[in-house]
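Engineer: What follows is a single structure, and I will ask about it in a moment.
Where a number appears in this text, it was derived from the coordinates with a stated rule and is not lab data. All figures in this text were calculated on a predicted structure; none of them were measured in a lab. Please note: Cβ atoms are built from the backbone with ideal geometry, for glycine as well, and neighbour counts cover all protein chains shown.
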Amino acid sequence: MNETALTVRQTARPHGFPTAEHFTVVESPAPAPADGAALVRNLYWSVDPYHREMMDDVPGGFTLGEPLEGRTVGRVVASRTPRLAEGDLVFHRQGWRTHAVVTPEEVRRLPDLADVSPTAHLSVLGGTGLTAYVALTRIARLQAGEDLFVSAAAGGVGTATGRFARLLGAGRLVGSTGSAAKADHLVREVGYDAVFDYRRGPAAELLASVAPDGVDVFVDNVGGEQLGAAVGALREFGRVVRVGTISRYNTPDAPPPSFDHAAVVEKSLRVEGFLVRNHRELQEELHEFAVPLLRSGRLPLDETVVDGFEHIVDAFLGMLRGENTGKTIVRDHAELAALT
């Protein structure tokens, strides 16, 4: 192929909040697939909070100077394997680049779902949605009528958790976010009953203002002060589902969260974390649950879409600053043109 391939690489470890200077874009000819492989032209890219953790010098983190990884959806444009045909839409993890050589074992062929945006495979049908689904159905074991508190409720996992919880019959649904505008959006558009701006005061007081009678489940994307507040607000036999610790990603020297450990015993609470990669066997179950709801319009997509691969670093940094509502997805210009 005569196309130019672009690849984003990390050049240095950040200390605190990352900047564009921590990345570089490398140009090269589009690679050719070897026997048994295929070339994919990536069309949609996911940028996620966990990428910030991988920028640090941690096991399994990004290697300086090497292509980064991330969830992406692309189309096969050249194939040297009978298991992948040109034109196949696939999901794989060689993101942060415009072209990727993959083997059949490294991809998941995606169905062509009529009336469902391909971006859904990176949001409610992808790792973001699977995280929310596992959190509610397997870790919290949510029962109809139970009340929830969700931190970082305006993010990708937070909006998916809110949508799924409402569809699963949750009772009162409250959340936290970083601005009054987002709080209003979550109540008007996503289905939360009440949301507080965590910047407005002590988390325990703010949570009590929206959930004066307590909650049964806390889906925690933040950690820190909000985790402590939630432990205090949980009712007997309450559950904490630990998904992420956004509050520490850019402040690694911050003290660990403090909460009343005695309350865990006295109220018979359960605190459990998980990694979504350990629950991939539920992918088909998620599809069976979510696809009919997407097609019927009962499950809208909460996405912030940024057009142009050249903006992927800005999209990532903007997501870390909380500039998005829902899942942040970068879209190839050609895909935008095909939709207009």
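Engineer: What is the packing order of peptides 113-123, 20-30, taking the mean over residues of other C-beta atoms within 10 Å and listing the highest first?
Structural biologist: Ranking, from highest mean packing down: 113-123, 20-30.
Engineer: Cβ under 15 Å from S79's Cβ, S79 left aside: what net charge do those residues give with Lys, Arg +1 and Asp, Glu -1? Intermediate results must be reported in sequence, preceding the final value.
Structural biologist: Working: positive: R41, R75, R80, R83, R109; negative: D35, E86, D88, E105, E106.
Cβ neighbours under 15 Å give a net charge of 0.
Engineer: Here is a follow-up. (i) 20, 39, 24, 11, 5, 1, 0; (ii) 28, 53, 18, 1; (iii) 31, 56, 13, 0: which one is P(r) over Cα pairs in 20 Å bins from 0, in percent as calculated from this entry?
Structural biologist: Correct label, based on the coordinates given: (iii).
Engineer: What FRET efficiency would be calculated for the residue pair H311, V265, taking the C-beta separation as r and a Förster radius of 35 Å, to the nearest 0.05?
Structural biologist: Working: r = 49 Å, r/R0 = 1.40.
So the FRET efficiency works out to roughly 0.10.
Engineer: Also, I was wondering about something else. Taking every Cα atom in segment 127-277, find the radius of gyration and the maximum pairwise distance Dmax, and write them in Å.
Structural biologist: Final numbers for Rg and Dmax: 13.8, 40 Å.
Engineer: Net charge within 15 Å of A334 by Cβ-Cβ distance, Lys/Arg positive one each and Asp/Glu negative one each, not counting A334 itself? All intermediate terms of the calculation are to be shown ahead of the outcome.
Structural biologist: On the way: positive: R41, R75, R331; negative: E3, D307, E310, D332, E335.
So the surrounding residues net to -2.
Engineer: Taking the Cα centroid of segment 113-161 and of segment 1-44, what is the distance between the two, rounded to the nearest whole Å?
Structural biologist: 29
Engineer: Work through the residues other than D88 whose Cβ is under 14 Å from its Cβ and net out their charges, Lys, Arg +1 and Asp, Glu -1. Write down the numbers at each step before the final one.
Structural biologist: On the way: positive: R41, R75, R80, R83, R108, R109; negative: E86, E106, D112.
Combined, the nearby Lys, Arg, Asp and Glu give +3.
Engineer: log₁₀ I(q)/I(0) of segment 245-321 at q = 0.17, 0.18 Å⁻¹, via Debye over equal Cα point scatterers, no solvent, to two decimals?
Structural biologist: Listed by q, the Debye log ratios stand at -1.11, -1.11.
Engineer: Report, for the chain, the % of DSSP beta bridges that are antiparallel, rounded to 5. Working shown, then result.
Structural biologist: Numbers: 29 of 55 bridges.
Antiparallel bridges make up about 55 percent of those DSSP assigns within the chain.
Engineer: If packing is taken as the average count of other Cβ atoms within 10 Å, what order do 64-73, 125-134, 204-213, 225-234 fall into, highest mean first?
Structural biologist: Values: 64-73: 18.6, 125-134: 25.7, 204-213: 16.0, 225-234: 22.5.
Top of the packing list down: 125-134, 225-234, 64-73, 204-213.
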